[in-house]
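Right, one structure below, let's go through it.
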Amino acid sequence: MPRPPPPGRGAPAARRPMRDFFAAWLATLRSPLLPLLRRALSSSSGSWDDPLSSAAAAVEDHFQAHWSALDAAARQDPAQVVAAGDWRSPLELPFLWLGDVHPSLLTSLLRTLSPSPRLLAAADRVDRRIRVAVPAVSDRLRRAQEAFVAAEVSGAADVEAFLEELKGVALEANRLRRGVLSELVAAAGGYQAALYLEALSRFVLSMHDPEVLRRFDQCRPSPGS
């Protein structure tokens, strides 16, 4: 199944804004990937048979392709990627860290599926790594900001160097997300991994569901109130 080309790669005609890529990425996740995974789950006896394996692998690859596209976008415009890009829904914003889902949300979601003690132990190990890695990446961004402010005050700010460091921050954050998902899927394995990927897909799609967004807007205060 062809994937939407990452922004900033390929021939000029194939390049497109991240907003367009993300819309196509969501559409592909919504259909056919998620329905195929659900059909494989419903027809599976619980064994890691080929239909379930390929359907789950396609969904995992789709998420990895999304982070690869964010990497490509960060190489073009790291400031937009580190911040919340214009392709994000308002409901997504509280869940973002440096441009995409916070890694700890990936383990939190796994815990909602009543995992086995073995899988809970694996999630705990991943969480410990996240608790070390997230502050380190955030500190890298803070140091870059502080250095830029100090240089700007003295009239010697290097915008190019600052953007290069922002790019490194974005790439490191995405590398962490990719590793966390891969580790959780590998630890879950089989039917449980497919259930996890189905839940992750549902969560991401719910952030862009018109009915969910309508209810979200109804809970927000109107301007001037």
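Here are the numbers:
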quantity	calculated
Förster radius 35 Å - calculated FRET efficiency between Arg30 and Ser116, Cβ distance, rounded to 0.05	0.70
Spacing of the two label points (7 Å from each Cα toward its C-beta) at Ser108 and Leu96, in nm	1.7 nm
Pairwise FRET efficiency - Asp209 versus Arg140, Cβ, R0 = 41 Å, nearest 0.05	0.75
Kirkwood-type radius of segment 20-208, with distances r between different C-alpha atoms, in Å	17.8 Å
Modelled FRET efficiency - R0 45 Å, Ala161 with Gln218, Cβ distances, 0.05 increments	0.50
Kyte-Doolittle mean at least -0.5, axial Cα span of 27 Å or more - DSSP H helices of the chain	50-76, 117-153, 159-188
Rough spin-label spacing in nm, given labels placed 7 Å along Cα→Cβ, for Arg19 and Val153	3.7 nm
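Values in this text are rule-based calculations from the coordinates and carry no lab data. Note that this is a predicted model, so its numbers are computed, not measured. Cβ sites come from the backbone with ideal geometry, for glycine too, and all protein chains shown count toward neighbours.
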